[in-house]
Amino acid sequence: MSSEGVRRGYTLLTLYIIEVIKDLGTQPSLDKLMEAAERQGELIAKEMRKQMPAGLTPLETGVEVYRRFMADAGAEVSVHKRDAASVTFVVMRCPFHEAFLEVGVDCGIFLKGLCSSLTLPAIQATLNQFDTRLRVENVVARASAEEMCLERVYIE
């Protein structure tokens, strides 16, 4: 799927989520989204396990899962900082972000909340399938389209 196709898919998903929130309310909608993220994490992990290199440390596994998840989503990520306990990625091009902008979500105010409610739980649910100590967190959320995000994968 091209990056345009990925962005269009996320645009539809974002519009759908907005409509569900209007109908059900914020918390019930987010609860349902978390349930779906858990199921998605199981499915993605099952698929990724077939492709993962053998012998990775838990942190290396987390890094590989994060990198594949984001690449499959059409995002452009690269390692920003690496130490013994964590790897921080810079996220430049992001179809999630592009979809939010397309539907009029103000990324400077709402994106960190939306990413924390949509993309990061899906990544976390996938990481949990490999090692429950793995964590992903947003370090810096972009305040505009020209900026970047930083996300960190670490062992708790």
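The values are calculated or read from the model by the stated rules, or taken from the named source; none is laboratory data. Worth saying up front: this structure is predicted, and the values here are computed from it rather than measured. Using ideal geometry, Cβ is built from the backbone for each residue, glycine included, and neighbour counts are taken over all protein chains shown. Surface areas here come from the heavy atoms of the whole protein model, side chains and all, with no ligands, DNA or RNA. Shrake-Rupley method; radii C 1.70, N 1.55, O 1.52, S 1.80 Å.
Based on the Stokes-Einstein relation at 25 °C and a viscosity of 0.890 mPa s, and on the Kirkwood radius from alpha carbon pairs, the chain is assigned a translational diffusion coefficient of 153 µm²/s. Solvent-accessible surface of the chain, averaged per residue with a 1.4 angstrom probe and all protein chains in place: 54 square angstrom.
By accessible area, using a 1.4 Å probe on protein heavy atoms only, the chain has 56% of its surface on carbon and sulfur. Placing a label point 7 Å from the Cα of Tyr16 along the Cα-to-Cβ direction, the residues of region 117-132 with a backbone N closer than 20 Å are 117-126.
Could you tally the net charge around Leu120, taking each other residue with its Cβ under 9 Å from the Cβ of Leu120, Lys/Arg +1 and Asp/Glu -1? Counting the neighbours of Leu120, the net charge comes to -2. The trypsin sites (Lys or Arg not before Pro) of region 1-103 that DSSP puts in a loop, and whose beta carbon has at most 15 other beta carbons within 10 Å, are Lys50, Arg93.
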